[in-house]
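All remarks here apply to the structure that follows.
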Amino acid sequence: MTDTQDYASTPGAASHSHGPFIASMDQGTTSSRCIVFDRDGSIVAVDQKEHEQIFPKPGWVEHDGAEIWANVQEVTDGAIAKAGITGADVKAIGITNQRETTLLWDRKTGEPVHNALVWQDTRTDALCKELGRNVGPDRFRRETGLPLASYFAGPKIRWLLDNVAGLRARAEAGEILFGTMDSWVIWNLTGGPDGGVHVTDVTNASRTMLMNLSTLDWDERILASMEIPAAVLPEIRSSAEVYGTAAGGALAGVPVASALGDQQAALFGQTCFAKGEAKSTYGTGSFLLMNTGSAPVNSYNGLLTTVGYRIGDQAPVYALEGSIAVTGSLMQWMRDQMGLINSAAEIETLASSVEDNGGAYVVPAFSGLFAPYWRADARGVIAGLTRYVTKAHIARAVLEATAWQTREIVDAMTKDSGVELTALKVDGGMTSNNLLMQTISDVLDAPVVRPMVAEATALGAAYAAGLAVGFWPDTDALRANWRRAAEWTPRMEADVRDREYKNWLKAVERTMGWIEDEE
Amino acid sequence: MARTIQSLERAVAMLRLLAGGERRLGLSDIASSLDLAKGTAHGILRTLQQEGFVEQDPASGRYQLGAELLRLGNSYLDVHELRARALVWADDLARSSGESVYLGVLHQQGVLIVHHVFRPDDSRQVLDVGAMQPLHSTALGKVLSAYNPVAHTEAVEGERTAFTPRTVTGAADFEGVLDLIRARGWAADVEETWDGVASVAAPIHDRRRMPVGAVGVTGAVERVCPEGSLRPELIAAVRDCARAVSRDLGAGRF
């Protein structure tokens, strides 16, 4: 769900590795990528292609399913060519994808019946309120771990069935298939209308609001409430097993052996295999996931309960998830809207020119407050302004906003799970911001660790696929691949931390209730 | 002939003068070179200084070109931008070399470490970002001194402390070392700064071929320089990394 911003660059091709390899297909929100990894987990080659973002109305976001599949094929062939290898050198294919984005297609022709509804699309807002009936947004939380919100796939399916002429009848007759991007890619990869397998994995299924977290199967009561025919749904499989083999292209005959939603893939790539281990991916928005072990933990503090991963027939591993809507996009705002910096990286230069925030706090509640507050009526504020405050102080406050929001989510996770965070593993484009990483460590009062591979998401899918085919023996072997590239340790005095947190919370309070007649 | 503005012509002449050979000049040198009264020259210099086009060294009072000119020429590179661009390549270098990686830029009279990747073993290590290293004895510093004229002046004019018996301190010897670096395209430091530590570094250029920084590996002399000779694959890996970062900054292939 996140994309690295203009910070990141990736190696195009390198030739220092010898086979065999794992190919990872990363179908993201703005682009599709294929990355080839070797046994050490090093990147051998990358190819990438962006796809069109379609905005039919304010708040609506769509992708063309056919374009995405064409791009996935193109970048796969491209990465294999750049690596200078053939399909015979590739032991397995792993899939990771933007989560929740919903597509329905004709099982006979393979043609999408409508553009995919992207996770950011808010057209199902009203439908979600209606589905809450008299219970409210938590109507299905106990079963699914999720609140009724427009992100999730179930209500998006319902919207398509209600709004595409004749679709419901065709769906009930078994002519239509539903899939998130993992299912769409796997179905096409394994043959499409000609014998393609229609499956999804537990992590992607856990974002539909249709799967019961305890049984890991579709929940009939919820299907009935949302009026979704079971005939459209894929089979739910583990995250690491052979679903089928590629039917064509550069990788014809190679097993398709993993699928994980992007954030879960990053958790896996960061080797957060033990209870209490957590990772945070800092991109446009940021996503923090903590491994909570073999039982789902209910959240009373506004987090999501989700499946972390499931390897073959082993017990599933659950996770708590908290997201920060505005992080990298806040730096972009500083650059594009405020014009205070020329590049996202320059914010560190500006912020480093002063010792502290000068008393200023920025709360970027651009479209309300998310976890742990969930206040749609909030809007952003810059608080604590005095004549003394300069643009450098504002830059510092902008970096601190990301740090404090991380702290709020970590605090909520500790409350829900009873597990104290020992260290935070970070990835994503913003990890190149040294001052930001130090500030996060300071406000968490815990070490922040950056691993040597920036591409944790694609690596996670490669790891899961490699486990499924025996390329790596077990998760211990994957842990052995993990390398620390940098570590920031807390330097802030406890009394300063407490005072600053209190000030931050006061600033957050001032964002609430700004929008008065929210429907 | 169209009318021109004399003070502007004089200011431009001053910038040209400061951009040529001698990089730092005193007020009287500038005034006499351009055949100006000291008071006139001072007025122009003060204006240029206010705009950031000229900087005055607080110790010697001499003038040099200011950072604003570099920004204007669009070759100004923010060090954090440099780190962001170098991130994946530096990781790759640490992984392939098995040693820690440092990225440095010229700052005042030394090398400022702007990025550090840990040696890829599970040992406890401390992030060195923000630390300073000497120009004349480290691999990073020598690369900068060889390619960046401002760094060169600093290293040549500054004090060259003998940190170990192997530190090169003599002026002629030092210039000889820099000539060799320019000829080979990389620099080494084998126990010239710290006993038991060796490093190899290469220059990073931007799209105008300006030397904006240096990247290198540092490790135990036994691993980096076994039996007294540097591992050639290590030198190749460092140069590959420097080229990759330069390419990302828009420098052409070379």
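The values are calculated or read from the model by the stated rules, or taken from the named source; none is laboratory data. Quick caveat: nothing in here was measured; it's all calculated off a predicted structure. Positions of Cβ are backbone-derived with ideal geometry, glycine not excepted, and every protein chain shown enters the neighbour counts. For the accessible areas, the whole protein counts, side chains as well, though only heavy atoms, and no ligand, DNA or RNA atoms are used. Shrake-Rupley method; radii C 1.70, N 1.55, O 1.52, S 1.80 Å.
Numbers for the structure displayed
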{"quantity": "Unit charges on C-beta of K, R, D, E only; dipole of the protein assembly as shown, Debye", "calculated": "1080 debye"}
{"quantity": "Relative contact order %, chain A, counting alpha carbon pairs below 8 Å whose residues are six or more apart", "calculated": "15 percent"}
{"quantity": "Candidates per GluC sites (Glu not before Pro) in segment A:340-430, loop by DSSP, up to 15 other Cβ within 10 Å", "calculated": "A:Glu355, A:Glu420"}
{"quantity": "Principal axis dimensions, segment A:214-354 - Cα atoms, whole angstrom, descending", "calculated": "57, 47, 36"}
{"quantity": "Chain B - percent relative contact order, Cα under 8 Å, separation 6 or more", "calculated": "14 percent"}
{"quantity": "Derived scalar couplings ³J(HN,Hα) [segment A:477-482; Karplus, 6.51 cos²θ - 1.76 cosθ + 1.60; whole Hz; x for Gly, Pro]", "calculated": "5, 5, 4, 5, 6, 6"}
{"quantity": "Longest exposed-site-free window of chain A, the sites being chymotrypsin sites (Phe, Trp or Tyr not before Pro) in a DSSP loop that have at most 14 other C-beta atoms within 10 Å", "calculated": "A:1-299"}
{"quantity": "Long-range Cα-Cα pairs in the protein assembly as shown (distance over 34 Å), rounded percent", "calculated": "54 percent"}
{"quantity": "Sparsely packed GluC sites (Glu not before Pro) within segment A:189-255, loop by DSSP, other Cβ within 10 Å at most 16", "calculated": "A:Glu227"}
{"quantity": "Accessible area expressed per residue, the protein assembly as shown, with surrounding protein chains retained (probe 1.4 Å, Å²)", "calculated": "40 Å²"}
{"quantity": "Candidate aspartates and glutamates for bridging to A:Lys275, where Cα separation is under 12 Å - those fewer than 8 sequence places away on the same chain excluded", "calculated": "A:Glu420"}
{"quantity": "³J(HN,Hα), Karplus 6.51/-1.76/1.60, whole Hz, each residue of segment A:293-298, x for Gly, Pro", "calculated": "x, 8, 10, x, 9, 5"}
{"quantity": "Volume per residue of the C-alpha convex hull in segment A:462-519, rounded to whole Å³", "calculated": "195 Å³"}
{"quantity": "Cut-off under 5 Å, modelled amide H: who pairs with B:Asp206 long-range", "calculated": "B:Val212"}
{"quantity": "Cut-off under 5 Å, modelled amide H: who pairs with A:Ala92 long-range", "calculated": "A:Ala23"}
{"quantity": "Net lengthening on full extension, A:Tyr300/A:Asp64 (0.36 nm per residue, minus Cα-Cα)", "calculated": "81.2 nm"}
{"quantity": "Helix axis angle, A:391-417 relative to chain A longest principal axis, alpha carbon, degrees", "calculated": "60 degrees"}
{"quantity": "Chain B: most fluctuating residue of B:Ala187, B:Ala84, B:Ala220 per GNM, C-alpha cutoff 10 Å", "calculated": "B:Ala84"}
{"quantity": "Residues whose placed amide H lies under 5 Å from that of B:His107, excluding near-sequence neighbours", "calculated": "B:Leu112"}
{"quantity": "Listed residue (A:Val46, A:Gly59, A:Ser32) projecting farthest to the positive dipole end of segment A:25-74, Cβ model", "calculated": "A:Gly59"}
{"quantity": "Rounded to the nearest 10 Å², the accessible area of A:Arg396 at probe 1.4 Å", "calculated": "40 Å²"}
{"quantity": "Projected-area average for segment A:100-145 over all orientations - Cα convex hull basis, square nanometres", "calculated": "4.4 nm²"}
{"quantity": "Degrees, to the nearest 10: A:456-468 long Cα axis against longest axis of chain A", "calculated": "40 degrees"}
{"quantity": "Pairs of alpha carbons in chain B whose separation is greater than 30 Å (percent)", "calculated": "34 percent"}
{"quantity": "In segment A:104-144, trypsin sites (Lys or Arg not before Pro) in a DSSP loop with at most 14 other beta-carbon atoms within 10 Å", "calculated": "A:Lys108, A:Arg133"}
{"quantity": "Relative contact order of segment A:60-124, defined on C-alpha pairs under 8 angstrom at six or more residues apart (%)", "calculated": "50 percent"}
{"quantity": "Cα long-axis angle, helix A:65-83 against chain A (0 to 90 degrees, to the nearest 10)", "calculated": "90 degrees"}
{"quantity": "Rotationally averaged projected area of segment A:417-518 (alpha carbon convex hull; nm²)", "calculated": "10.3 nm²"}
{"quantity": "Three-way shape call for segment A:148-298 based on the alpha-carbon gyration tensor, with the a/c threshold at 1.5", "calculated": "oblate"}
